[in-house]
Amino acid sequence: GLGRWPPTMTEPIKTQKTRVCYFYDSLMGTYYYGPEHPMKPHRLRMTHSLLSSYGLYKKMQVYKPHPAHYQEITQFHADDYTDFLRRVNPDNEKEFLTQLGKFNLGMYTDCPIFPGLYNFCQLYTGASIDGACKLNNGQVDIAINWSGGLHHAKKSEASGFCYINDIVLAILELLKYHARVLYIDIDIHHGDGVEEAFYTTDRVMTVSFHKYGDFFPGSGAVADVGDQKGKYYSVNFPLEDGIDDKNFLAVFKPVISKIMEVFQPGAIVLQCGADSLTGDRLGCFNVTLRGHGECVRYMKSYGLPLLVLGGGGYNIRNVSRCWTYETSVILDTDVSDYIPYNEFFHYYGPDFKLHLQERSDMENRNTRDQLEKCKQKVFENLSYLEHAPSVQMQRVPPDYFAESDSDGGDPDVRLVKDEKRREHEAEFYESNKDQDQDSSSAATALSEDEKQEKQPPPTNGKQSWSDSKGSESPQSGSQSPFSAGGGSSFGGSGVVVPMVPTPATPESDSNASSLSASRPQAPQANEQEDPPATSKEESSMDIEKTQ
């Protein structure tokens, strides 16, 4: 395992071979926000196909995520908002006019109602929660979910193409085992939804490097440092147009190094929004894959449990390039600059190369003096933190999985082992070492021990699905944040940070409040990307999830 951050260490450490898991479901890339909408889940199919063509899947544990349950989603999101997402669809949208305005959804917003909306949210959210569980139980060192990272969603409001905030839910899962969690956001947009959720707690530090000014969502000034007990635990580094690799890394590494020294987290969540790359439709930075990937490499070098998520990115060719390259960085694997043939090979013309070049015609409006001044201000704010927050020992709450509401084919029900083995219609990997038992010959070659049916994961809330160790974990406050009350008043002034309550406590109240933030209009796209190929299911791997 990776262990906790050593209190005396301030520099990155090198670890032995890293255990990496990757979450993907072929359905993720089939959803469609609508014509001319810049967010295209099709980029997930392209990413999966490209990293598979490089053979990177062979070096990872590949899992199909569970669709997040209603009870899991409402650990942060309001019940009425989640109920609305479950019920609304394009056919009955007109019946929910009041709720559409209340929750910021509909055709006149940047968050449209499209077929399968709630199922889409369940998939990307479940993958992030599963990744956090894998890290908590020491099964992997790094977990990857490129479909996650939707950082704008609020407790009761969709925003910026984001409906459910999978990042907040994953961090809540990590807080069960870790006293402190560090969240880092390198998307070009400010990570406002995550910052807002943890604005008054000292157990989560949020760090965002983003464009600031007349740009969505309009928040994230360097002076926004948190409130109450969470004061100085929100770190914002505003940037101007045209920042390149050299300047971005010149501020990223020193700031993160200082934060690691002061905050001493037990786990890290890294949001890798690819809209900070050069050539993005909505972005205006000049960062290449190498610069973006160096941030991933740097965070990996600290040797802490790391959850790597996707995020923005609206040039779908560059998004798949970026996340494929960063997967190779995580795996310590060199990949060719020449893209191998894959299902979407024609998207990468005319040069068919992996790496991007900085634009020579883009002005860098970030001067050295501006960056240095902002960096020193961040250091000054961090200096007010005397030490990493202390916490007391509490019982580790079990991983939360709800029971089925019906005996029928509920989409929230986890697949049992035999069902996970079923070959997906888009399966295309065939080899003697194929792990997903996709052929009858492979299935018959199973040993007698492997054929024995395992018990399904418990759903009564008394045991972790991933073999909870029953150890003790540090938590904050004089009362366990997972006991009655459902939340922990980390801020000390009545602002409750949402936490996951212990299922065995019937009086637990999962309601939690979070600060509201103003949300300016989202930028409009000025060009149209290629629409996803909806007539053909993407080739994918459905590899059974280990119990």
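Below, the figures for the structure above:
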| read-out | value |
| --- | --- |
| In segment 349-367, the residues that are without any contact (Cβ under 8 Å) to a residue 24 or more places away in the chain and farther than 30 Å from Val335 by Cβ | Thr367 |
| Yes/no for Thr324 being in a loop (DSSP other than H, G, I, E, B) and β-branched (Val, Ile, Thr) | no |
| Residue satisfying condition, being in contact with a Cys (Cβ under 9 Å, 6 or more places away or on another chain), crowded, with 24+ Cβ neighbours inside 10 Å, modelled with pLDDT of 95 or more and over 15 Å from Ile268 (Cα atoms), within set Tyr199, Tyr163 | Tyr163 |
| Test: residue in segment 186-193 that is under 20 Å from Gln122 (Cβ atoms), modelled with pLDDT of 95 or more, touching a His at 6+ places or on another chain (Cβ under 7 Å) and surrounded by fewer than 24 Cβ atoms within 10 Å (Cβ to Cβ) | no |
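Listed here are the residues, each with its yes/no results for (1) in a loop (DSSP other than H, G, I, E, B); (2) in contact with a Phe, Trp or Tyr (Cβ under 6 Å, 6 or more places away or on another chain); (3) of a type in the set (Ser, Thr, Tyr); (4) over 30 Å from Gly242 (Cα atoms).
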| residue | (1), (2), (3), (4) |
| --- | --- |
| Asp187 | yes, no, no, no |
| His190 | yes, no, no, no |
| Val194 | no, yes, no, no |
| Tyr199 | yes, no, yes, no |
| Ser208 | no, no, yes, no |
| Gly213 | yes, no, no, no |
| Phe216 | yes, no, no, no |
| Ala221 | yes, no, no, no |
| Val225 | yes, yes, no, no |
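The values are calculated or read from the model by the stated rules, or taken from the named source; none is laboratory data. In this text, all values refer to a predicted model and were calculated from it rather than measured experimentally. Glycine gets a Cβ as well: all are built from the backbone with ideal geometry, and neighbour counts include every protein chain shown.
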